[in-house]
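Asks: Structure incoming, see below.
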Amino acid sequence: MPKIAIIGTTIWGKTLGVVLAQKGLPVKLWARTEREVIQLRSAGSNLAVLPDTTLPPQLSITSSLSETLAEAKTVILAVPSQAMRQNIRLVTDYLDESMLVVSAAKGLEIGSSKRMSQVIAEEIDPRFWSNICVLSGPNLSREILRGLPAATVVAAENEAVARITQKLLTAPNLCVYTNTDVIGVELGGALKNIIALGAGMADGLGYGDNAKAAFMTRGLTEMTALGVAVGANPLTFSGLAGLGDLIATCASPLSRNHYVGVELTNGRSLNEITDSMTGVAEGVTTTIAARNLAQQLGVEMPITERIYQILYEGVNPRQAAAELMEADTRHELAGRKWKLFSLFRRRKRS
């Protein structure tokens, strides 16, 4: 059985560890300190924040990086996006040409605005670039741990690598699809968190389903526009890593980003909200990175801009929503530097 190493004790990292160990694969979960190892081991059945989730015998926890990665055939990096670079630097000396490197993070790096696969590629030997995969989709951890059915996407530039990873990660309640559009899959997973912040605000303000549906749809169009500008396939955004993840994250009370949006409408400060959370709401930092990337490319992202203003400039959510509604309306696929209208416009009949 191929051994799997998981870097990161995030709830998603622990969830993947439980799911993979339950199918009989030997899994090593790396914690940064021995204290954390003791806490996780003593938690026992509460490992993944669910009282009825038991620790499978095939899953072990250690603070030894060498023990975690020894003889591993796959390393899954389930860490917050802003910690990806420092974590892949720890792993790089243990990699070889046969080891798959899977990013399970959904975010963009502040400062560089790079996707996680780009961050990983900058830190590892170019010989291993073909082994980089990204995992994304509508994957709410608590539902997966309850045994509820879910689907996800693994993307790699090499389809054969994606299929190997697909076989490895597929579980009875987790259907894994493949894709070769790494850019689209990563951006779908990262950018939908920004839209989920806004969806939470819409719910918090009591705007109703019509407004929320319109907001999500416009958000998806905005996500697709930025994706196309950097080389993604627009169809990827209608798939699990785009529309699928967007629906789950914008609609579910289990979504951390949706929670942050709701709490902002209750008058709480961003710092107060995030300090009280046990996990990371990736949309908070991704908003900065996506906004910078859009500005570099000259791409209009009005929703991202308004979310940024709410998070970092103190703009009231109700005021920002009103400004979005008052914005100039055009063809729904037309925007500055958007290529969507030209992609879908029908050719005139001769």
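The values are calculated or read from the model by the stated rules, or taken from the named source; none is laboratory data. Just so we're clear, the structure is a prediction, and the values are computed from it rather than from any experiment. So basically every Cβ, Gly included, is an ideal-geometry build from the backbone, and we count neighbours across all protein chains shown.
Asks: Looking only at the range 316-343, which residues are in a loop (DSSP other than H, G, I, E, B), surrounded by fewer than 16 Cβ atoms within 10 Å (Cβ to Cβ) and among the aliphatic types (A, V, I, L, M)? Full working, then the answer.
Replies: In the first step, residues of the range 316-343 are kept if they are in a loop (DSSP other than H, G, I, E, B); the result is 316, 326-339.
Keeping just the survivors that are surrounded by fewer than 16 Cβ atoms within 10 Å (Cβ to Cβ) gives 316, 326-332, 334, 336-337, 339.
Hits for the range 316-343 are Ala327, Ala334.
Asks: Of all residues in the range 235-285 being among the charged types (D, E, K, R) and either in contact with a helix residue (DSSP H, G or I) (Cβ under 6 Å, 6 or more places away or on another chain) or in contact (Cβ under 8 Å) with a residue 60 or more places away in the chain (or both), which is surrounded by the fewest Cβ atoms within 10 Å (Cβ to Cβ)?
Replies: First, pick out the residues of the range 235-285 that are among the charged types (D, E, K, R): 245, 256, 263, 268, 272, 275, 282.
Applying the additional criterion that residues be either in contact with a helix residue (DSSP H, G or I) (Cβ under 6 Å, 6 or more places away or on another chain) or in contact (Cβ under 8 Å) with a residue 60 or more places away in the chain (or both) yields 245, 263, 282.
Values: Asp245: 29, Glu263: 20, Glu282: 25.
Result: Glu263.
Asks: Ser98: at pLDDT below 95 and of a type outside the set (D, E, K, R), yes or no?
Replies: Values: at pLDDT below 95: yes; of a type outside the set (D, E, K, R): yes.
Judged against the criteria, Ser98 is a match.
Asks: Specify the residue that is farthest from the chain's Cα centre (by Cα); the eligible residues are those in the range 82-113 that are part of a strand (DSSP E or B) and closer than 19 Å to Val280 by Cβ. Quick ask: steps written out before the conclusion?
Replies: Applying the first criterion (part of a strand (DSSP E or B)) to the range 82-113 yields 100-103, 108.
Then keep just the ones that are closer than 19 Å to Val280 by Cβ; that gives 102-103, 108.
Numbers: Val102: 13, Ser103: 9, Leu108: 9 Å.
Once the filter is applied, the top-ranked residue is Val102.
Matching residues to (1) of a type outside the set (S, T, N, Q); (2) outside any helix (DSSP H, G or I); (3) in contact (Cβ under 8 Å) with a residue 60 or more places away in the chain:
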| position | (1), (2), (3) |
| --- | --- |
| Asn193 | no, no, yes |
| Ala196 | yes, no, yes |
| Gly206 | yes, yes, no |
| Asn210 | no, no, no |
| Phe215 | yes, no, yes |
| Ala225 | yes, no, yes |
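Asks: Continuing with the same structure: Within the bounds of the range 161-173, is there any residue that is β-branched (Val, Ile, Thr), under 30 Å from Asn292 (Cα atoms) and either crowded, with 21+ Cβ neighbours inside 10 Å or out of contact with any helix residue (DSSP H, G or I) (no Cβ under 9 Å at 6 or more places or on another chain) (or both)? So that I can check it myself, show each step before the final result.
Replies: Within the range 161-173, the first condition is being β-branched (Val, Ile, Thr), and the residues that meet it are 161, 164-165, 170.
Of the ones still in play, those that are also under 30 Å from Asn292 (Cα atoms) are none.
No, the range 161-173 contains no residue that is β-branched (Val, Ile, Thr), under 30 Å from Asn292 (Cα atoms) and either crowded, with 21+ Cβ neighbours inside 10 Å or out of contact with any helix residue (DSSP H, G or I) (no Cβ under 9 Å at 6 or more places or on another chain) (or both).
Asks: The conditions are (1) among the polar types (S, T, N, Q); (2) at pLDDT below 95; (3) within 15 Å of the chain's Cα centre (by Cα), and Ser136 fails exactly one of them. Which is it?
Replies: (2)
Asks: Would you point out which residue out of Asn173, Asn210 is of a type in the set (S, T, N, Q) and assigned by TED's automatic domain parsing to the domain that holds Glu263? Can you show your working first?
Replies: On the way: Asn173 fails: assigned by TED's automatic domain parsing to the domain that holds Glu263.
Answer to the selection: Asn210.
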